[in-house]
1. Select one label from (1) 20.4, 68; (2) 23.2, 67; (3) 20.2, 72: the one whose number is Rg and Dmax of the Cα atoms in Å as derived from the coordinates shown.
2. Need one number: nm distance between label points at residue 212 and residue 73, each 7 Å from Cα along Cα→Cβ, rounded to one decimal.
3. So, R0 is 51 Å and r is the distance between the beta-carbons of residue 103 and residue 226; what FRET efficiency does that work out to, to 0.05?
4. Taking 7 Å along the Cα-to-C-beta vector as the label spot, tell me the residue 291-residue 258 distance in nanometres, rounded to one decimal.
5. Where in the chain are the DSSP H helices whose alpha-carbon span along the long axis reaches 30 Å or more and whose Kyte-Doolittle mean is at least 0.5?
6. Working out 0.36 nm times the residue gap between residue 319 and residue 331, then minus their Cα-Cα distance, what length gain in nm do you get to one decimal?
7. Return the carbon/sulfur percentage of the accessible area of the chain, one whole number, probe 1.4 Å, all protein chains in place.
8. Find me the longest stretch of the chain that has none of the exposed trypsin sites (Lys or Arg not before Pro), where exposed means in a DSSP loop (not H, G, I, E or B) with at most 10 other Cβ atoms within 10 Å.
Amino acid sequence: MKKRIGFLSFGHYQPARGSRTTTAQEALLQSIELAVAAEEIGIDGAYVRVHHFAPQFAGPFPLLAAMAARTRRIELGTGIIDMRYENPLSMAEQAAAADLISSGRLQLGISRGSQEPALRGYESFGFIPPEGSTDADMARSHTELFRTAIAGQPVTMSDPKTSGVSRGLAIEPQSPGLADRIWWGSATRATAVWTAQQGMNLMSSTLLSEDTGIPFDELQAEQIHVYRQTWKDVGHTHEPRISVSRSVLPITTDEDRLYFGGRTENTQDQVGVLNGLRSRFGKTYVGEPDRIAEQLAADAAVRSADTVLLTVPNQLGVDYNARLLQTVANYIAPALGWEPNLAYAP
């Protein structure tokens, strides 16, 4: 199994003391530059988080298209897009356009989404769950139509007065292969089973909205196991992709110690209640690179997944995060069986 390493940016921006992304423009432009720098290092993926009504990244496709235009081989993705907020057909058009610009490098993580600052913010976007259904049901319904659209299936009928015939019409443009590069953000073993049944790749983060008392990495490894078993049982003919996210903060300089040195003693899983559910949060890997390499190599879910997404402190700027990724590439990722992605992909 080829091991891939990517970075995941939340795109935070605010005029806070010490922040190097004080505006939305700075956060966006710096993310493009970080994708370029990461590709030069040999990092496999540049992923962005999507939130609404918050000072961080929202609609991702202009940013993904800009990143695509400046790079040649690095995968470009999301982790994740909240499908409660999306018009499936408009999203399908934008996603296909961005994928064509990237020459087929888009890896789209989608899901029901996470907590947002707004109360039922998706209703402000014009989406209200039908009577008798939930916002989660609506997210899955939007997902079904989106996947139908990017697969090239008809989603409306032609007007005989204009075309002379009545026939099904698909959205344009189409980007062949995009339908196989959709990931579902799963926070439980049950949704991992559903994801496999749907034939989507699995994206699991540093939060699971269930807790059985075992360490986070072992619980996440169980999630990956049931996903793979279901994938096999359903009879899908190709190998799925699986990603996990980790917060990794190597300390090699005085600047690193200034920002993160105080966190070296607080590196345990956390358990709490989120949306009324007892949830388990993964720990932060912080410290000397060789020690982090040992810990990640022993992480059960990291071993099981083909892709590891590293959340970066984007407000510290491009130079800081490029150096962080270089440290990971030099001293941490090789312990996971990773090799730099330096081969040109046209």
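The values are calculated or read from the model by the stated rules, or taken from the named source; none is laboratory data. Bear in mind that the values here come from a model prediction, so they are computed numbers and not experimental data. Glycine also receives a Cβ, built like all others from the backbone with ideal geometry; neighbour counts cover every protein chain displayed. Surface areas here come from the heavy atoms of the whole protein model, side chains and all, with no ligands, DNA or RNA. Shrake-Rupley method; radii C 1.70, N 1.55, O 1.52, S 1.80 Å.
1. Of the listed options (1) 20.4, 68; (2) 23.2, 67; (3) 20.2, 72, (3) comes from this structure.
2. So the two model labels end up 4.0 nm from each other.
3. Details: r = 34 Å, r/R0 = 0.67.
Computed FRET efficiency for residue 103 and residue 226 comes out at 0.90.
4. 2.1 nm
5. Values: long enough: none.
Long hydrophobic helices here: none detected.
6. On the way: separation 12, 0.36 × 12 = 4.32 nm, distance 1.81 nm.
Gain on stretching residue 319 to residue 331: 2.5 nm.
7. Numbers: 8010 of 15680 Å².
The computed percentage sits at 51.
8. Working: sites that count: 2, 17, 167.
Counting only loop sites that pass the neighbour cut-off, the longest clear stretch is 168-346.
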